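Novice: Sharing a structure with you now.
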Amino acid sequence: MIVLATVADLRRQVAAWRAEGHRVALVPTMGALHEGHLALVRRARELAARVVVSIFVNPTQFGPNEDFAAYPRRHDADAQMLEATGAHGLYLPPLQAMYPEGFATTVSVAGVSEGLCGEVRPGHFAGVATVVTKLFLQAAPDVAVFGEKDYQQLQVIRRLVADLDIPLEVVGLPTVRDADGLALSSRNAYLTAAERTVASALPATLKAVAARLAAGGAVAEQLAWGREALLKAGFQSVDYLELRAAGDLAPQERLDRPARLLVAARLGKARLLDNIEVS
Ligand code: PAF
């Protein structure tokens, strides 16, 4: 696996792979890799002959009181996992390469960025959209692979790729879960052992609310039931539990189209996200 630190090296490597006739996939990450990321890399390997993974903890997607400084950074362990999973390139740009002196551009996606995490974390999706656009322009991949765990992020990225005519395919992969259903996340590392036990209530509650909705339960009533269930299970607060249209994330007052149930809730130092399909 080749480690690349500059945009010029990345471009040269991708151009060389392409000259050899290979399709190239990009898997953007912030590191602290787990099985969920490795599933993205495996899928990317099925979609392209060469896979480059980026690791960059992007400061512009963190709010002033969020966990940018505390976000786990373990590049050596990450590199070993990627090598063992068969990634061909690891792009590790320094801060200066992504945001050089004088950087002044923001990519902002209206509509799908609004509400949910966009409301709780103002500016978050502009930070994501900006860095992902840069990564797409730097690596120029044929395909980019993201997890559905960050479902709103995935819709923001799909929108920006369509709107800006970026010539690549965006592939979303179902969430990888622990045995008790908890979605894998780098931020699960913030949970104490006791909190980790409580955390399993998040996927369990999503499943229960989805089943109640599928059985014809009124949306507002079932969402209120779900919020209450999470607080009773031990979550400190629920940022949101909402039913949204699967594609454009429009709020749904009744279940009459493919929909997604999305949740964010706080437990100790962690803010946990999850979502499932409701049909
Ligand atoms: O999902 C993530 O890890 C990040 O938001 C991403 C897409 C790598 C952008 O920094």
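Novice: Two decimals is fine: what is log10 I(q)/I(0) at q = 0.10 Å⁻¹ for region 1-106, from a Debye sum with one equal scatterer on every Cα and no solvent?
Specialist: Treating every Cα as an identical point scatterer, log10 I(q)/I(0) equals -0.30.
Novice: What is the helix-to-structure angle for 124-139, meaning the angle in degrees between its Cα long axis and the longest Cα principal axis of the chain, kept from 0 to 90 and rounded to the nearest 10?
Specialist: 30 degrees
Novice: Calculate the length of the line joining the C-alpha centroid of region 125-170 to that of region 220-279, in whole Å.
Specialist: Each part reduced to its Cα centre gives a spacing of 24 Å.
Novice: Name the residues whose placed amide hydrogens come within less than 5 Å of the amide hydrogen of D239, ignoring near sequence neighbours (fewer than 5 apart) on the same chain.
Specialist: Counting only residues 5 or more places away or on other chains, the set is A264, A265, R266.
Novice: Also: What do you reckon, how do K269, K149 stack up by accessible area (1.4 Å probe), largest on top?
Specialist: Greatest to least solvent exposure: K269, K149.
Novice: Which percent, nearest 5, of DSSP beta bridges in the chain are antiparallel?
Specialist: Details: 19 of 38 bridges.
That works out to approximately 50 percent antiparallel.
Novice: Round to a whole number: what % of the accessible area of region 37-84 belongs to carbon and sulfur, probe 1.4 Å?
Specialist: Details: 1180 of 2390 Å².
Answer for region 37-84: carbon and sulfur cover 49 percent of the accessible area.
Novice: Under 5 Å between amide hydrogens, which residues at least 5 positions from V51 or on another chain qualify, with H placed 1.01 Å from N in the peptide plane?
Specialist: A25, H88, G89
Novice: For region 226-279, what is the convex hull volume of its Cα atoms per residue in Å³? Walk me through the intermediate numbers first.
Specialist: Numbers: hull volume 4.2 nm³, N = 54.
Output value, Cα hull per residue: 78 Å³.
Novice: I would also like to ask the following. Under 5 Å between amide H atoms, partner at least 5 residues away or on a different chain: which partners does G147 have, H built in plane at 1.01 Å?
Specialist: The answer is L173.
Novice: List, in order, the whole-Hz ³J(HN,Hα) value for each residue of region 202-215 obtained from phi through the Karplus relation with A = 6.51, B = -1.76, C = 1.60 and θ = phi - 60°; use x for Gly and Pro.
Specialist: 5, x, 5, 5, 4, 5, 5, 5, 4, 5, 5, 5, 5, 7
Novice: What is the distance, in nm, between label points placed 7 Å from the Cα along the Cα-to-Cβ direction at R254 and at E119?
Specialist: Taking the simple label geometry, R254 and E119 are separated by 2.2 nm.
Novice: Moving to a separate point now. What's the extension gain from A245 to A104 if we count 0.36 nm per residue and subtract their Cα-Cα distance?
Specialist: Result for the pair: 47.4 nm of gain on full extension.
Novice: Quote the relative contact order of the chain in percent (integer), defining contacts as alpha-carbon pairs under 8 Å separated by 6+ residues.
Specialist: Reported relative contact order: 17 percent.
Novice: Based on DSSP H runs of at least 4 residues, each adding -39500 (n - 2.57), what is the mean residue ellipticity at 222 nm of the chain after dividing by all its residues, to the nearest 500 deg cm²/dmol?
Specialist: For the chain, the value works out to -12000 deg cm²/dmol.
Novice: Could I ask something else about it? For region 114-246, how big is Rg over Rh, using alpha carbon atoms and the Kirkwood form of Rh?
Specialist: Answer for region 114-246: 1.01.
Novice: OK, next. Just to confirm the filter: which GluC sites (Glu not before Pro) across region 187-279 are DSSP coil and have at most 16 other Cβ within 10 angstrom of their Cβ?
Specialist: E253
Novice: So, one more: Distances over 33 Å make up what percent of all Cα-Cα pairs in the chain?
Specialist: 22 percent
Novice: Would you mind telling me which residue in G118, G268, G89 has the biggest mean-square fluctuation in a Gaussian network model of the chain, where springs connect alpha carbons within a distance under 10 angstrom?
Specialist: Comparing G118, G268, G89 in the GNM, the peak value goes to G268.
Novice: Between D150, D180, D142, find the one with the highest GNM mean-square fluctuation for the chain; connect C-alpha pairs within less than 10 Å.
Specialist: The residue with the greatest mean-square fluctuation here is D180.
Novice: Answer rounded, prolate or oblate for region 89-178, using the Cα gyration tensor with square roots of eigenvalues a ≥ b ≥ c: rounded when a/c is under 1.5, else prolate when a/b is larger than b/c, else oblate.
Specialist: Values: a/c = 1.45, a/b = 1.14, b/c = 1.27.
Rounded.
Novice: Hey, what's the chain come to in accessible area per residue, 1.4 Å probe, Å²?
Specialist: 45 Å²
Novice: In percent, how large is the relative contact order of region 134-204, given Cα pairs closer than 8 Å and 6 or more residues apart?
Specialist: 29 percent
Novice: Subtract the Cα-Cα distance of E35 and E83 from 0.36 nm times their separation in residues, and report this length gain in nm to one decimal.
Specialist: 15.9 nm
Novice: Provide the three semi-axes, in whole Å and in decreasing order, of the ellipsoid equivalent to region 23-164 as defined by the square roots of 5 times the Cα gyration tensor eigenvalues. Walk me through the numbers before you get to the answer.
Specialist: On the way: eigenvalues 110, 61, 46 Å².
Values for region 23-164, descending: 23, 18, 15 Å.
Novice: Report the FRET efficiency, 1/(1 + (r/R0)^6), for A8 and R158, where r is their Cβ-Cβ distance and R0 is 25 Å, rounded to 0.05.
Specialist: On the way: r = 29 Å, r/R0 = 1.16.
Here the calculated transfer efficiency is 0.30.
Novice: Sticking with this structure for a sec: Over region 71-171, what is the relative contact order in whole percent, taking alpha-carbon pairs under 8 Å and six or more residues apart?
Specialist: Reported as a whole number, the value is 24 percent.
The values are calculated or read from the model by the stated rules, or taken from the named source; none is laboratory data. Being a predicted model, the structure only gives us computed values, none of them experimental. With ideal geometry, Cβ positions are generated from the backbone for all residues, glycine too; neighbour counts draw on all protein chains shown. Calculation scope for accessible area: heavy atoms of the full protein, side chains included, ligands and nucleic acids excluded. Shrake-Rupley method; radii C 1.70, N 1.55, O 1.52, S 1.80 Å.
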